[in-house]
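Chemist: One structure is given below, represented as structure tokens, and several questions about it will come after.
The values are calculated or read from the model by the stated rules, or taken from the named source; none is laboratory data. Just so we're clear, the structure is a prediction, and the values are computed from it rather than from any experiment. Please note: Cβ atoms are built from the backbone with ideal geometry, for glycine as well, and neighbour counts cover all protein chains shown.
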Amino acid sequence: AGHAPFDVNLIKKDFPILQERVNGRPLIWLDNAATTQKPKSVIDRITYFYEHENSNIHRAAHELAARATDAYESARSKVQVFLNAGSVNEIIFVRGATEAINLVAKTWGEQNLNAGDEIIVSNLEHHANIVPWQQLAAKKGLKLRVIPVDDDGQILLDEYAKLLNPKTKLVSFTQVSNALGTVTPAKQIVEMAHQAGAKVLVDGAQSVSHLRSDVRALNCDWFVFSGHKVFGPTGIGVLYGKEDLLNETQPWQGGGNMIQDVTFEHTKFHDAPNRFEAGTGNIADAVGLGAAIDYVNKIGIDVIHQYEHYLLVYATNLMKDIPGLRLIGTAPDKASVLSFVFEGYKTEEVGAALNNEGIAVRSGHHCAQPILRRFGVETTVRPSLAFYNTCSDVDILVETLYRLRGAHR
Ligand code: PMP
């Protein structure tokens with residue numbers, strides 16, 4: 001921990017669940033790409049909301065309504081600053097990254113794409129950034145095209161350039177691959193898409209907890225993420241969209257909260273964000289997400305990035321020497337993820353052996369089957385790091401793998 005720019009063991013104490021024991025051992029949480037653990041400040045903030053502020057959010061109704069509205073809108077402002085968005089009106093609360101992508105497909109996609117139009121995704125995508133576009137393509141007669149990756153798992157920009165053409169209406173891609181950890185050249189991908197006249201959605205589900213997010217620097221049209229992957233609660237996530245674009249887009253769900261005026265003949269919708277927030281939202285968890293952002297800001301995302309990079313290099317160097325271990329995803333620019341297969345063992349056997357030692361990793365297809373198949377595998381074992389992990393966590397992982405191999409480090 002000497003290399004950490006903060007005291008990692010103190011940080012660990014902020015997370016009650018990291019004090020758990022599993023199979024008689026201290027829990028080592030290395031499943032951060034699936035979901036992250038929550039600091040006490042987030043858990044407490046949600047409790048505080050229900051104990052002192054709970055109401056629906058119509059500010060003027062009464063005192064608690066004002067408190068709940070202030071808490072919810074203050075969380076929206078925190079997200080705005082966290083993403084460096086130009087306006088709070090560009091921040092829409094949704095259930096998660098999946099819902100955000102589906103929202104864009106069901107609104108902007110349905111309203112603007114026509115037979116023959118093309119959508120580009122990358123080979124790295126999570127199923128959440130494949131299936132909604134495939135469904136839309138089937139419905140409207142669109143073509144889905146795929147940017148290939150090289151043998152390290154990095155996007156081939158030359159091949160991408162060849163896919164772009166006047167029929168390209170949307171490029172939708174991930175900033176960090178959940179299966180390999182590849183950090184994609186997002187700014188360049190966005191720029192090239194815009195030059196071709198296409199809109200761009202960036203899937204930030206795996207990047208927000210590891211890299212500084214800056215939607216204005218990226219200049220993407222939409223950006224999506226899930227609260228639970230950035231130390232916040234489940235069931236809350238964010239769709240960022242450029243304000244004009246959001247207001248030009250007709251809403252998806254209709255109901256309370258999203259209207260200015262309703263008669264039986266006609267409804268006038270609010271502008272964004274309300275037009276996309278029909279019904280009572282997940283108020284408490286939005287407030288919890290705000291607390292998670294406060295927590296991340298307190299440590300500092302750049303410091304987190306620097307420490308995690310150190311940890312990733314430390315782990316990569318140890319793991320590549322383990323006999324029979326094949327790392328999948330070896331791009332120079334990576335975040336958090338160490339996907340691998342282990343000769344002679346099924347991935348679920350490795351997962352079970354690690355679980356016996358209290359180590360939580362995901363073994364499976366990580367909802368990204370196309371990219372694993374690109375590397376000739378159906379599943380991998382996937383340890384994934386966060387800032388509360390230590391070199392000692394990595395050492396225990398590595399020792400367990402050596403023991404399983406029947407070899408010595
Ligand atoms: N995109 C990526 C890159 C992801 O890793 C995930 C979650 N594994 C998602 C989208 C979907 O997020 P959620 O399940 O929280 O909606």
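Chemist: Counting just the residues of the stretch 352-370 that are closer than 21 Å to Pro26 by Cβ and part of a loop (DSSP other than H, G, I, E, B), which one comes out nearest to the ligand (Cβ to nearest atom)?
Modeler: Looking at residues that are closer than 21 Å to Pro26 by Cβ and part of a loop (DSSP other than H, G, I, E, B), I get Val361.
Chemist: State all residues of the stretch 367-406 that are touching a Pro at 6+ places or on another chain (Cβ under 8 Å) and closer than 13 Å to Phe342 by Cα; if no residue qualifies, say none.
Modeler: Arg405
Chemist: Which residue pairs have Cβ atoms closer than 9 Å, lie 6 or more positions apart in sequence or on different chains, and pair a first residue in the stretch 110-124 that is at positive phi with a second residue that is surrounded by fewer than 20 Cβ atoms within 10 Å (Cβ to Cβ)?
Modeler: Correct list of pairs: Gly116/Gly141; Gly116/Lys143; Gly116/Lys167.
Chemist: Is the stretch 77-92 home to any residue that is assigned to a strand (DSSP E or B) and over 25 Å from Ala368 (Cα atoms)?
Modeler: Yes: the stretch 77-92 contains one or more residues that are assigned to a strand (DSSP E or B) and over 25 Å from Ala368 (Cα atoms).
Chemist: Determine, yes or no, whether Asp31 is among the acidic types (Asp, Glu) and within 16 Å of the ligand (Cβ to nearest atom).
Modeler: When the stated conditions are applied, Asp31 passes them.
Chemist: Does Ala335 satisfy being surrounded by 16 or more Cβ atoms within 10 Å (Cβ to Cβ) and of a type outside the set (Asp, Glu)?
Modeler: In short, yes.
Chemist: Go through Leu142, Leu103, Leu124 for me and flag whichever is away from the ligand (no atom under 16 Å from the Cβ) and assigned by TED's automatic domain parsing to the domain that holds Ala179.
Modeler: Just a single option satisfies the conditions, and that option is Leu142.
Chemist: Name the residues in the stretch 134-158 that are surrounded by 20 or more Cβ atoms within 10 Å (Cβ to Cβ) and either part of a strand (DSSP E or B) or under 18 Å from the mean Cα position of the chain (by Cα) (or both), would you?
Modeler: Once the filter is applied, which keeps residues that are surrounded by 20 or more Cβ atoms within 10 Å (Cβ to Cβ) and either part of a strand (DSSP E or B) or under 18 Å from the mean Cα position of the chain (by Cα) (or both), the stretch 134-158 yields Ile147, Val149, Ile155.
Chemist: Kindly provide the set of residues from the stretch 351-406 that are charged (D, E, K, R) and modelled with pLDDT under 95, ordered by number.
Modeler: The one that is charged (D, E, K, R) and modelled with pLDDT under 95: Arg405.
Chemist: Continuing with the same structure: Where in the stretch 221-262 are there strands (runs of 3 or more DSSP E), lying wholly inside it, with at least 3 residues that are over 12 Å from the mean Cα position of the chain (by Cα) and either surrounded by fewer than 24 Cβ atoms within 10 Å (Cβ to Cβ) or away from the ligand (no atom under 13 Å from the Cβ) (or both)?
Modeler: 259-262
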